[in-house]
Structures are given as structure tokens and as C-alpha cells.
Amino acid sequence: MKAILTLIFGILISTSAMANTPAKEVKVSTISYGVELNIDIKKSDVKETEVARLYMYKNARVKKALSFKTKANKAKMA
């Protein structure tokens with residue numbers, strides 16, 4: 001009973017405190033800027049070369065990274 005009365009008292013005090021504080025409206029001044037869409041795209045005549053690498057070795061870093069196994073993959077004895 002004491003807990004219920006304490007809870008109701010707390011709710012009444014908090015609502016009355018919220019009702020006494022006036023809400024302040026803040027006026028915000030806005031600034032507008034004009035936008036110009038003058039975009040010049042220059043294409044260069046230089047061709048980009050793409051390189052594809054083939055790893056022939058068994059212990060290559062990429063193959064090791066792609067073929068990892070976690071400890072959870074091991075079979076567990078029942």
C-alpha cells in the first residue's frame with residue numbers, strides 16, 4: 001500500500017512540475033543561398049589499366065584468407 005501511494009505521489013509531483021514550466025518557442029532565422037549547376041566534366045585520354053592476378057601457389061595469402069575454417073566446424077562427440 002505504501003509503495004502504491006508513493007508511486008501516485010511521485011506521478012502527481014512530476015506532472016505538476018511539468019505543467020508549471022512554460023514551453024519556450026525558439027525562433028530560427030533562415031538563410032537561403034542560390035545554387036548554380038555549372039559542372040564541367042573533363043575526360044582524360046589516358047586509359048586505366050586493370051590488373052588481374054592469378055595466384056598459382058598453394059600457400060598464397062588470398063587462398064588462405066578465403067579458405068578459413070572456424071573451430072565450430074569440428075564435429076563434437078555426443
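Taking the stated definitions as given, is residue 8 modelled with pLDDT of 80 or more, surrounded by 10 or more Cβ atoms within 10 Å (Cβ to Cβ), on the phi < 0 side of the Ramachandran plot and aliphatic (A, V, I, L, M)? Full working, then the answer.
Working: modelled with pLDDT of 80 or more: yes; surrounded by 10 or more Cβ atoms within 10 Å (Cβ to Cβ): yes; on the phi < 0 side of the Ramachandran plot: yes; aliphatic (A, V, I, L, M): yes.
Here the answer is yes, as residue 8 does meet what is asked.
Out of all the residues in region 11-57, which are at pLDDT below 75 and hydroxyl-bearing (Ser, Thr, Tyr)?
21, 44, 49, 55, 57 - these are the residues of region 11-57 that are at pLDDT below 75 and hydroxyl-bearing (Ser, Thr, Tyr).
The values are calculated or read from the model by the stated rules, or taken from the named source; none is laboratory data. This is a predicted model, so every value here is computed, not measured. Here Cβ is always computed from backbone atoms with ideal geometry, including for glycine, and neighbour counts include all displayed protein chains.
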